[in-house]
Structures are given as structure tokens and as C-alpha cells.
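Visitor: Dropping a structure here in C-alpha cells format, bear with me for questions.
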Amino acid sequence: MAEADPPPRTISLGTGIAGLDAGAWDALAGGGNPFVGHAFLSLLEQSGSVGAGTGWQPAPLLVEDDAGALVAAAPAYLKAHSQGEYVFDHAWADAWTRAGGDYYPKLQIAVPFTPVPGPRLLAHGDADAALLIRAAEAVVRQNGLSSAHTTFVDPAQLPLFESAGWLLRRDIQFHFANAGYAGFDDFLATLNAAKRKQLRKERARAVEGLRIEQVTGAAIGPDHWDAMWLFYQDTGARKWGQPYLTREAFDLMGASMADDIILVLAYDGDGRAVAGAMHFVGADTLYGRYWGCLADIPYLHFELCYYRAIDIAIERGLARVEAGAQGGHKLARGYGPVATWSAHFIADPGFRRAVADYLETERRAEEAEMEWLEGHLPFRRAD
């Protein structure tokens, strides 16, 4: 029996996500991960956090059927730099520049400023998802770009990139896994005695003289957003030189995503907000995203970002907490090492071979690191 011809498809490069139909986009995104939803991606555009002058030019990859309905999409950007990605390719850019090439612009399939694993090929089936990969390659070739990169890819989508010949890269994050704990003490009981004592001490010290407030949904008011913006600015200025998000982005989060957001704020004895953390709630995961503190308070970062996140995940029956990129200090606090993945299409064959060799060396070092980390988890050893 002859195979049926594939259905007709039209592939295009869009100029933004905000102007696309939200229902059609979210039907593809699936609703489990808030960062690939239309609300989050479009507010980045509407707030000026991405777009002209930012080095992140929205260029979503779109696949439509013969009736003009959206059947696949990928959040993509033409990048003029490598900031805000958390998968570092600066050495590649330097090498290609020294060889006489132009590394930028490049095509980046990603959620800007958000090191959160999730689907990057938004489609109902693998055939249409594979078209997005082909579309990315075509954009690179037709426009003379150096490369295309897909960062923090859902592991379930890796075989599509691998079969297309993209180079795969592995990194490490630290996530908390909720083993059906009844409460924080139940989790503590799984740690060795020294770590249990340490975590109890840190939690007690962190909140001395402070009032902790947890707010979500309509309870988040203008004062809360003002405070969170100050905290975010402080952290952004120290880590990146300037914050990635604009002030308007926070207002738009409050307008369109407040029910998916939990703020945990700390107030001093005078009622002044001195620190805060913002968490996003997904279908089965709590995502720790932004944090800041205006005073030097020991262990408060751990309390608001890690321990309170565990409390929230247990209370809500969420499977895990993802508390952001890097941070080996999370290991001692019950956050275990987890592999994260990216995929890379390098147009020039010689440059591709060089990057592949680099990744092979990096992979061996990363495997050794993962083995070491797994051997230093703080949990009690089985008898």
C-alpha cells in the first residue's frame, strides 16, 4: 500500500508572537510550562524586554496547514550577542570571528533570559515538529547566518534534533524532587544528620527579626511589584550589568499571569520589604525565577528561593522545584543534579567539526562532574 502524501504545509518566519492568535499558540504549547505560553512570550515583546535595541529580535518559526491554521511553532530570535542564554558559546563566537567569519546574528530557539527546560518545538506531532528544525536550517542557509541554537530542550524532543544531525550539548542544573513528602520535616528526615541540623539552623537564622509574606493572584498589589522590581534590579545590576526585563514586564506579568506567580517577600521590623523571590507555577513544577535582597542577611536567599519553594511544592503536590541555572550550593540543600540539553546547527562543515570536538571534550568533563555530584548528595545512605 502506497504511503499517503504528507499534508500541505506553509512554513514562514514571523516578526513576533504577541500578534499571533493566543489560543492557537497555547494549543500547541500544551499549558504545562508557563514560559512557552503566549502570555509570557508576548509580554516580553510588549514590554520592550526583547525587540529593537535588545539584541533579541523576535523571529518565530511558523508552520500552517492549507487552511491557514497554525500547526507548529517555535519561539525563535535573531541574536546579536550571546547574553541572556545561560548556555555559553562565547568561545565559539570568538573562534569563528578570529577565523574571519561573522558569528552574529545567529538564530536562537529559546525562551529569553529563562534557563528552564521545556518544549521548544511546539507541535501536535513529530512530522510537523521536524519541519521546524528544517525551517531553522533554511533560515541559517538562506541568510548566511553562522548557526542556529535551541537551548534548554525537553529531553523528549532531543531525538528529533539528533536525527537531523544537530550537535547535542549537556549541562547540569539542580532540581528538588518531591517524593510525596507530607511536609518539610518529612523531607528533612531523608537527609543525613549533619545536613538536617544545618538546614534547620539556616531556616531559623534566615527569618530572625523578619516577617515573611507569600502572595499570589489578585493578592499581589502594586507595592509588591514595586518591591520585586527593586530586588530584580539589584540582582541584575550585579550579575549582568543591567537587568534583562523592563519594569513594564513586571506589570504585564501581574496583569496576565498573576495566578501562575507566587511572590515570597521578607519585611524587616520597620515594615520595609528587604528581599523577595518570584516563583512560577507549572502543571507539575515550581519554577524559581527572580530574586533580590537589599540587605546582607545570612541564609535568606536559601530560605526564600529554596526552602520556601520546597514548602510550596509539597503543599501544592508538585513533582519538582527548578530553581534556575547553575548553583552547586543547591546540592547541600536537597536539590539533586539533573542533565539539561541544547542542540546546535553549525552551517560551516569545518567549524562544525571543531565545535563537535569541543563538545566531546566538554562531555567527558561533564560526565565526571555529574558522577562526583551524585556521590555527594546529602541524603542518608541506605543500610
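Visitor: So how much slack lies between R200 and A356, counting 0.36 nm per residue of separation and subtracting their Cα-Cα distance, in nm?
Guide: Full extension of this stretch gives 51.6 nm more.
Visitor: Another question, then. Hey, what do the phi angles of segment 73-81 turn into as Karplus ³J(HN,Hα) couplings, whole Hz, using 6.51/-1.76/1.60 and θ = phi - 60°, x for Gly and Pro?
Guide: Ordered by residue, 3J(HN,Hα) equals 7, 9, x, 10, 9, 8, 9, 9, 7 Hz.
Visitor: Quick one: which residues, 5+ away or cross-chain, put their amide H under 5 Å from the amide H of T340? H built at 1.01 Å from N.
Guide: D171, I172, Q173
Visitor: Based on the alpha-carbon gyration tensor of segment 203-343 and its eigenvalue square roots a ≥ b ≥ c, which shape applies: rounded if a/c is under 1.5, prolate if not and a/b is larger than b/c, or oblate?
Guide: Rounded shape, in that the Cα axes give a/c under 1.5.
Visitor: Please report the antiparallel percentage of the DSSP beta bridges confined to the chain, to the nearest 5.
Guide: 90 percent
Visitor: Moving on to the next point. Full extension from A347 to Q242: what is 0.36 nm times the residue separation minus their Cα-Cα distance, to one decimal in nm?
Guide: Residue separation times 0.36 nm, minus the Cα-Cα distance, leaves 34.6 nm.
Visitor: A283: net charge of surrounding residues, Cβ under 14 Å, Lys/Arg +1, Asp/Glu -1, itself excluded?
Guide: -4
Visitor: If you take Cα extents along the principal axes in Å from the coordinates, which of [x] 71, 50, 37; [y] 64, 58, 32; [z] 67, 52, 49 do you get?
Guide: Read-out from the structure maps to [z].
Visitor: Assign unit charges at the C-beta atoms only (+1 for Lys and Arg, -1 for Asp and Glu), then state the dipole size of the chain relative to its Cα centre in Debye, rounded to the nearest 20.
Guide: My answer is approximately 1180 debye.
Visitor: Scanning the chain for helices, which whole DSSP H stretches are 24 Å or more long along the axis (Cα) and average 0.0 or more by Kyte-Doolittle?
Guide: The qualifying helices are 126-143.
Visitor: Over segment 100-232, with every protein chain in place, what whole percent of the accessible area is carbon and sulfur at 1.4 Å, could you tell me?
Guide: Within segment 100-232, the accessible surface is 51 percent carbon and sulfur.
Visitor: If amide H atoms are built 1.01 Å from N in the plane of the peptide, which residues on other chains or at least 5 residues away come under 5 Å of the amide H of T246?
Guide: Sorted by chain and number, the residues that satisfy this are S49.
The values are calculated or read from the model by the stated rules, or taken from the named source; none is laboratory data. Treat the numbers as computed from the prediction; the structure is a model and nothing was measured. A quick note on method: Cβ atoms are made from the backbone with ideal geometry, for glycine too, and the neighbour counts reach across all protein chains shown. Note: accessible area is taken over every heavy atom of the protein model, side chains too, but ligands, DNA and RNA are not part of it. Shrake-Rupley method; radii C 1.70, N 1.55, O 1.52, S 1.80 Å.
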